[in-house]
Amino acid sequence: MKVCKFGGSSLANATQLNKVIDIVLADPARRIVVVSAPGKRHGGDTKVTDLLIALADTALKGENTDRQFGAVVERYAQMAQELKLGDEIVREIEHDLMDRLAKVASLSQPEFMDMMKAAGEDNNAKLVAVAFEARGRKARYASPRDTGMILKGEFGDAQLDPESYARLSRAFSNFDGIVIYPGFFGYTREGKVATFPRGGSDITGSILAAAVCADVYENFTDVDSVYPVDPRIVPEVKEGIPTMTYREMRELAYAGFGVFNDDAVIPAVRARIPINIRNTNHPSEPGTMIQQSRRVVPGTVVGIASADGFCNIVVDKYLMNREIGFGRRLLQILEDEGIAYEHMPSGVDSQCVIVKGQQLPKEKEHRVIQHIRRDLSPDSVLVERDLTMIMVVGEGMCYTAGMFAKACLALASAGINISMVNQGSSEVSFMIAIRSKDRDAAVRSLYRTFFG
Ligand code: ASP
């Protein structure tokens, strides 16, 4: 059995929705279909989830919601009309939205917001089920409430209650036909609607794939595959990545590869379910398969990623290596200041701590420096900003001499200075910090070297 998830761009209008139905019907193994809310139809358009947020905000302010309400209903009505689904489903969606809006006074602000956001996928799942019927194929809508998708934690940033797996697996144990399941939300134990973070339909798909032990989790989006480098930086990149391992994906995602957010894949990864990224617009393309292991050609790289906005806290102190507990006390200061750190490369008399820029806003920087001066009496402490992390990733780098040398030569030939390097013992990646202004030139030069 395959669980397939279709993102907002795959469900933005009637043409796209027909492609989705064709894809599902082309393979009888595609039995659980997770849907997002309708996304953007063109560049300047607004996603239904964003329309719903605007609607909820207006309702919370106690202002007239007619315009925002109309904008949401119009998106569904247009699809229903183009697909000739009749009026009933549109009326149903209208009533559902009115019922939700009526709860504005009885829920807290975050509870109300989540309930409104969830309306995007919930109503879309109902509409998609009707669209299947209109094409003569039975498909039934399944509700996260009835199937046991229990969430906990903060509204808008909820997580799955692990007990849900048993419930979901029971709920799907003897179903037949095609099930259309809304992504992005579930219910708390108290019965309130709660949503995952934005983009959370990917999480729903991954959870269901794990719960039913699917053969594969197909994630349909609008790209043919995952590219080894960001096409905005290297437009000439044409070949996608056919297969990559979970480890490779995680390392690339860390440095900004927009494949998936980390949360989204955890359930499928833990259950060892292969994830197939595919394109709704080119369903014959095999896409990128992400799995536990793959055939690896020694000396090859799978991808190059880069992430901006890091900063480096550099602490120098002569004979630091003889001072027992120095590193622990430095990290204690960061913990006391509520700062998460990313990496901690060290020299003989210096210790660096790399953190994401948002962890150390300018107004906090002075306080942290004072704190370090007071507790550690360093010779100097400074913060370097505007660093970019470049990750070169590939299982094929393990046990292969010269990979790092190649990367350094690529950067040297582009005249780029390296600020810091870091290679974990897994050898599946290495990380190079450079000044952000050099990012594009660095990525291009590395791409030419490893893939040119
Ligand atoms: N519709 C939600 C969003 O726009 C969730 C999703 O599409 O995955 O974030």
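The values are calculated or read from the model by the stated rules, or taken from the named source; none is laboratory data. Keep in mind that this is a model prediction, so the values were computed, not measured. Because the Cβ atoms are built from the backbone with ideal geometry, glycine has one as well, and the counts that use them run over all protein chains shown. These accessible areas exclude ligands, DNA and RNA; they are computed on the full protein's heavy atoms, side chains included. Shrake-Rupley method; radii C 1.70, N 1.55, O 1.52, S 1.80 Å.
Table for the structure above
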item	result
Selected residue (criterion: farthest from Ala37 (Cα to Cα)) from residues of segment 1-17 that are more than 10 Å from the ligand (Cβ to nearest atom) and open to solvent by 10 Å² or more (accessible area, probe 1.4 Å)	Met1
Conditions (1) farther than 18 Å from Ala12 by Cα; (2) within 16 Å of the ligand (Cβ to nearest atom); (3) in contact with a strand residue (DSSP E or B) (Cβ under 9 Å, 6 or more places away or on another chain); number of the one not met by Leu55	(3)
Filtered residue count, segment 160-192, keeping only those that are open to solvent by 10 Å² or more (accessible area, probe 1.4 Å) and either within 13 Å of the ligand (Cβ to nearest atom) or not polar (S, T, N, Q) (or both)	19
Test result for Leu60, open to solvent by 30 Å² or more (accessible area, probe 1.4 Å), touching a Phe, Trp or Tyr at 6+ places or on another chain (Cβ under 7 Å) and either more than 11 Å from the ligand (Cβ to nearest atom) or within 16 Å of Ala118 (Cβ to Cβ) (or both)	yes
Lone qualifier among Asp146, Asp161, Asp157 - being within 22 Å of Val48 (Cα to Cα) and among the acidic types (Asp, Glu)	Asp157
Number of the exception - Leu252 against (1) under 22 Å from Val296 (Cα atoms); (2) touching a Ser or Thr at 6+ places or on another chain (Cβ under 7 Å); (3) hydrophobic (A, V, I, L, M, F, W, C)	(2)
Residues of segment 171-201 satisfying the condition of being farther than 12 Å from Gly153 by Cα and of a type in the set (Phe, Trp, Tyr)	Phe172, Phe175, Tyr181, Phe184, Phe185
Test: residue in segment 98-111 that is out of contact with any strand residue (DSSP E or B) (no Cβ under 8 Å at 6 or more places or on another chain), touching a residue at least 60 places away in the same chain (Cβ under 8 Å) and either more than 24 Å from Lys2 (Cα to Cα) or away from the ligand (no atom under 15 Å from the Cβ) (or both)	yes
Of all residues making up segment 276-286, the number that are over 10 Å from Val216 (Cα atoms), touching a residue at least 60 places away in the same chain (Cβ under 8 Å) and either open to solvent by less than 10 Å² (accessible area, probe 1.4 Å) or assigned to a strand (DSSP E or B) (or both)	2
The lone exception for Pro228 - which of (1) surrounded by fewer than 18 Cβ atoms within 10 Å (Cβ to Cβ); (2) more than 13 Å from the ligand (Cβ to nearest atom) it fails	(1)
Every residue from segment 22-49 that is open to solvent by less than 50 Å² (accessible area, probe 1.4 Å), more than 15 Å from the ligand (Cβ to nearest atom) and closer than 24 Å to Ala264 by Cα	Ile23, Val24, Ala29, Arg30, Ile32
Residue that is farthest from the ligand (Cβ to nearest atom) [pool: residues in segment 113-137 that are crowded, with 22+ Cβ neighbours inside 10 Å and not aliphatic (A, V, I, L, M)]	Phe132
Positions within segment 193-222 being surrounded by fewer than 18 Cβ atoms within 10 Å (Cβ to Cβ) and more than 11 Å from the ligand (Cβ to nearest atom), in sequence order	Cys213, Asp215, Asp222
Pairs with Cβ under 7 Å, 6+ apart, first in segment 41-65 and without any contact (Cβ under 8 Å) to a residue 60 or more places away in the chain and more than 28 Å from Leu17 (Cα to Cα), second away from the ligand (no atom under 13 Å from the Cβ) and open to solvent by 40 Å² or more (accessible area, probe 1.4 Å)	Ala59/Val104; Leu60/Val104; Leu60/Gln109
Yes/no for Ile273 being assigned to a strand (DSSP E or B) and open to solvent by less than 10 Å² (accessible area, probe 1.4 Å)	no
One residue from Ala441, Ala412 being among the small types (Gly, Ala, Ser) and either closer than 24 Å to Tyr227 by Cα or surrounded by 16 or more Cβ atoms within 10 Å (Cβ to Cβ) (or both)	Ala441
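Residue by residue, here is whether (1) open to solvent by 50 Å² or more (accessible area, probe 1.4 Å); (2) modelled with pLDDT of 95 or more; (3) touching a Phe, Trp or Tyr at 6+ places or on another chain (Cβ under 7 Å) holds:
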site	(1), (2), (3)
Tyr318	yes, yes, no
Arg329	yes, yes, no
Ile333	no, yes, no
Gln359	yes, yes, no
Glu365	no, yes, no
Gln370	yes, yes, no
Pro378	no, yes, no
Leu382	yes, yes, no
Leu387	no, yes, yes
